[in-house]
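First comes the structure, then the notes that go with it.
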Amino acid sequence: MKPLLHLFCVAVMHVSCTEEQKPNVVIFYADDLGWGDLRVNNSDPSYFRHSPNIDEIVTRGIMMSNYLTLCVCSPSRAGLLTGKHYAKVHSGPETGGSLPSGISNIARDFKASGYKTGAFGKWHNGMPNFPAKGNGHRVDYDEVKVWNELHQVWTCDLENGVFENSKGWEWGEGVNAYGFDRWVGYYAGGGDLFDRFSNWHHDINWWHDRSYVPEEKGYTTDLITKHAIDFIVENEDEPFFCYIPHEAVHCPLQIKLSDLKELCTHFPGEWDFVRNIVSPTTGRKIEDVEELRCEVGAEFDFLKIDPQREHYMRLVYATYLYSLDKNVGAVVQKI
């Protein structure tokens with residue numbers, strides 16, 4: 001029997017402190033992470049598991065294996081943030097994913113106790129606020145959509161620096177309204193990890209506090225860590241609460257070539273196998289492409305290359321997890 005999926009992995013850590021000092025608290029949250037995805041729970045070499053940093057948190061800390069809210073993004077987050085059943089905070093799977101901001105949550109509690117609070121990553125508990133810089137607009141999607149060759153979909157204008165609210169929903173309050181002093185991330189799931197394009201929004205989805213910042217470059221997992229570490233450094237002299245809800249390992253399956261090569265060093269012969277895989281759509285070799293999009297329909301579509309999901313697909317997924325693990329390790333090291 002296969003183990004049920006966990007939607008999250010939580011780590012709470014603190015620095016050394018006296019009784020008078022308040023401990024710093026960091027929560028890592030991984031999306032769609034399976035119990036057997038971690039090396040500590042699955043040593044089968046055919047799955048290419050390599051997650052030393054998360055494994056160390058598990059082995060040095062306490063493994064709480066019986067926590068549950070719901071195996072869907074928004075309700076699970078609402079349960080974690082509020083400590084209540086998702087239905088009691090009106091954040092069930094049929095509510096559009098919104099957590100009412102008036103409900104008590106962990107960020108407000110920490111803030112009331114004198115903590116600096118920060119959130120970095122995937123929110124998915126409410127809609128974006130109208131951008132503070134004014135670069136937001138309600139539009140009719142049918143009037144502004146343009147063909148995007150990279151994503152092979154019709155989108156809003158991705159180059160105009162404007163968040164085009166094409167769904168017709170009311171603007172939200174934004175993450176800062178929930179008690180977070182600092183926020184960097186995005187509001188919906190499943191966005192492209194290299195340019196933050198969101199299929200749901202038909203636009204790029206990336207925010208710094210109440211400002212829409214579509215121009216920032218980088219791999220999403222790395223950016224989340226960068227801004228979380230910046231927050232930790234800026235607040236090292238006072239107690240802080242840092243909530244890091246990663247998008248990994250949620251689809252789409254998109255990885256950096258550098259991470260793939262690094263992971264392959266732990267499995268002799270793997271790089272020689274994978275480096276010469278050719279895209280069925282573009283003819284490019286994997287070793288020549290830094291931004292590897294491996295989801296269905298993308299350049300290195302795992303189903304076309306590995307329809308039985310026996311090797312390449314497992315290696316790609318393991319690389320995605322490896323990237324997450326490295327970033328968790330970077331935060332732990334900084335602390």
Report summary line: Expected vector for segment 36-50, Karplus 3J(HN,Hα) from phi with 6.51, -1.76, 1.60 and θ = phi - 60°, integer Hz, x for Gly and Pro, equals x, 6, 7, 4, 5, 10, 8, 9, 4, x, 5, 9, 6, 5, 7
Report summary line: Unit-weight point scatterers at every alpha-carbon of segment 149-220, Debye formula, q = 0.22, 0.23, 0.24 1/Å: log10 I(q)/I(0) is -1.04, -1.13, -1.22
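Determine the shape class of segment 266-335: with a ≥ b ≥ c the square roots of the Cα gyration tensor eigenvalues, call it rounded for a/c under 1.5, and otherwise prolate if a/b is greater than b/c, oblate otherwise.
Numbers: a/c = 2.05, a/b = 1.92, b/c = 1.07.
It is prolate, given that a/c is not under 1.5 and a/b is the larger ratio.
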Report task. Return the tail of the calculated pair distribution for segment 48-129, meaning the percent of Cα-Cα pairs more than 16 Å apart. Result -> 62 percent
Query raised in the report: Which ³J(HN,Hα) values, rounded to whole Hz and listed in residue order, are derived for segment 135-144 from phi using the Karplus coefficients 6.51, -1.76 and 1.60 in 6.51 cos²θ - 1.76 cosθ + 1.60 with θ = phi - 60°, glycine and proline given as x?
Result: 8, x, 7, 7, 9, 8, 4, 5, 8, 10
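If the limit is 19 Å between Cα atoms, which of 226/326; 226/285; 217/256; 256/285 go over it? Spell out each step's value before the answer.
Details: 226/326 12 Å; 226/285 30 Å; 217/256 14 Å; 256/285 14 Å.
Going by Cα-Cα distance, 226/285 fall outside the 19 Å limit.
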Query raised in the report: From the backbone phi of segment 222-230, what are the Karplus-calculated ³J(HN,Hα) couplings (6.51 cos²θ - 1.76 cosθ + 1.60, θ = phi - 60°) in whole Hz, Gly and Pro given as x?
Result: 5, 5, 4, 5, 4, 6, 5, 5, 4
Query raised in the report: What fraction of the Cα pairs in segment 213-285, stated in percent, has a spacing above 21 angstrom?
Result: 51 percent
**Report entry** Using distinct alpha-carbon pairs, which all enter the 1/r mean, Kirkwood radius of segment 191-335 in Å
**Finding:** 16.6 Å
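Regarding the chain, what whole-number volume in Å³ per residue does the convex hull of its Cα atoms give? Provide the component values of the computation, followed by the final result.
Values: hull volume 49.1 nm³, N = 335.
Residue-normalised Cα hull volume stands at 147 Å³.
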**Report entry** For a label point 7 Å along the Cα-to-beta-carbon line of residue 171, residues of segment 105-142 with backbone N under 19 Å
**Finding:** 124-141
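Readers should treat all values here as calculations from the given coordinates under stated rules, not as data from a laboratory. Keep in mind that this is a model prediction, so the values were computed, not measured. Methodologically, a virtual Cβ is constructed for each residue, glycine included, from the backbone with ideal geometry; neighbour enumeration extends over all protein chains shown.
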